[in-house]
1. From other protein chains only, count the Cβ atoms within 10 Å of every residue's Cβ in A:110-120, then give the mean.
2. Please give the length that would be gained between A:Asp111 and A:Leu13 if that part of the chain were fully extended, namely 0.36 nm times their separation in residues minus their C-alpha to C-alpha distance (nm, one decimal).
3. Exactly which GluC sites (Glu not before Pro) in region A:60-121 are in a DSSP loop and have at most 12 other Cβ atoms within 10 Å?
4. For B:Ser75 and B:Asn186 in the same chain, what is the full-extension length gain: residue separation times 0.36 nm, less their Cα-Cα distance, in nm?
5. In 10 Å bins starting at 0, how do the alpha-carbon pair distances of region A:13-156 split up by percent?
6. Can you give the direction-averaged projected area of the convex hull of the alpha-carbon atoms in chain B, in nm²?
7. Would you order A:Leu82, A:Leu22 from fewest to most other beta-carbon atoms within 10 Å of each residue's own beta-carbon?
8. Which part of region B:14-47 falls in the paramagnetic zone of A:Ser41, meaning amide N under 16 Å from the point 7 Å along Cα-to-beta-carbon?
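Since every read-out is calculated from the coordinates, none of them should be taken as a lab result. All figures in this text were calculated on a predicted structure; none of them were measured in a lab. FYI the Cβ positions are ideal-geometry reconstructions off the backbone, even for glycines, and counts take in every protein chain you see.
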Amino acid sequence: MIEDLRPREGFTLIEMLIYVALIAASAVIFTSFVVDVIDNSARIITVKEVHQNSRLILARLSQEIKTAKDFSGTFPGESIQLTRTDDTVITLAYDNLTNAVTLDGAPISSDEVRVTALTFDNNVSNVIEIDLTVEQGNPNANVERNYLIDLSTAATVRRGIY
Amino acid sequence: MKLRDEGFGLIEVIIAIALVGFMVVVVGRVLSSNLRLAHTSLNNTKAAAFAQESMEIMVAMQNDFFACVCGVDDSCGDGQCTRDGQTCEPVGAYNSCWTTYPLSYSGTEYHLEFNGTTWVLQQNLAAVPQDNRFSRVITIENVCRTKQFGEIEDSGCAYSDDSSKNISVTVTWQERGATQAFSISNIFTAWPNII
């Protein structure tokens, strides 16, 4: 029995070394891969959050401006007063303390993201130009986790032209 | 027999690792395509905002660019309104009409420029000032109808209606060596009585 086992034992040792090496290598690769997967999914979630929120904020601002009867404000500036069709006056503004866009003081942007810049400008009669920067929610995130989108568009007060 | 079995075990491990490796590669590709999609989404969102910007300015400036107003640009004594060498005919009791081309141009491709006081049309495409990786062009074409006041037709152009214009804004950019485009279009109609 012992004589029978001996040649196999030597062979098993080499095999064991190979196994261990292979398993160690594959474990390292696989672990870094799993970390990558988690990192990526976190990043994708952040990116989507920022994109969708920035689109939503821009759509909301454009909608309010397009349907307003009249507007006023200091341009370029971080706030604008709009007269709605029912003659109520609302204020759209950027709040740099809470990093949010507010309508009469109440936030209309999600707290999942931070609005880091919002400017309204009015160079030509009824055209309001909007510049918006939206960043991911956590201000303490490290640099490679940071994500922002910078959008600029315009909206025309329809009642002013028709 | 036992020796062969154990040798086979090693091959099995190698096969298993190859399979896992293959899986890793496949999932890795999915991940990288995710990141690519995020990048595409970023560019699309920006392009949509840039396209909308030009469209809104066109909405605001449409009459400045296209309208010939009786009593302002021309007396219309002959029933026609002439501005900048372009003539159009106000319909019925209306006091204005749109000309074939925008003021001081003939062509279909334009971009907008701010000259310090107002927005003006310039010919051909131009880089977007806020982000010059994007270029933007506004295409202005008269709508084709079956006859005057007739229905819009897609093929052929029995009547080219100056008073309704098909305006589209196309934003293009380079992404992974290929040109990507985002486009919005709208039909603008002449608002007849401009005060």
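1. 0
2. On the way: separation 98, 0.36 × 98 = 35.28 nm, distance 5.89 nm.
Difference between extended and current length: 29.4 nm.
3. Those that pass, being in a loop and sparsely packed, number zero.
4. Details: separation 111, 0.36 × 111 = 39.96 nm, distance 3.14 nm.
Extending this stretch completely gives an extra 36.8 nm.
5. Calculated over all Cα pairs of region A:13-156, the distribution is 11, 33, 22, 12, 8, 6, 5, 3, 1 percent.
6. So the mean shadow area of the Cα hull is 17.6 nm².
7. The fewest-first ordering by Cβ neighbours comes to A:Leu22, A:Leu82.
8. Residues passing the 16 Å test: B:24, B:27-35.
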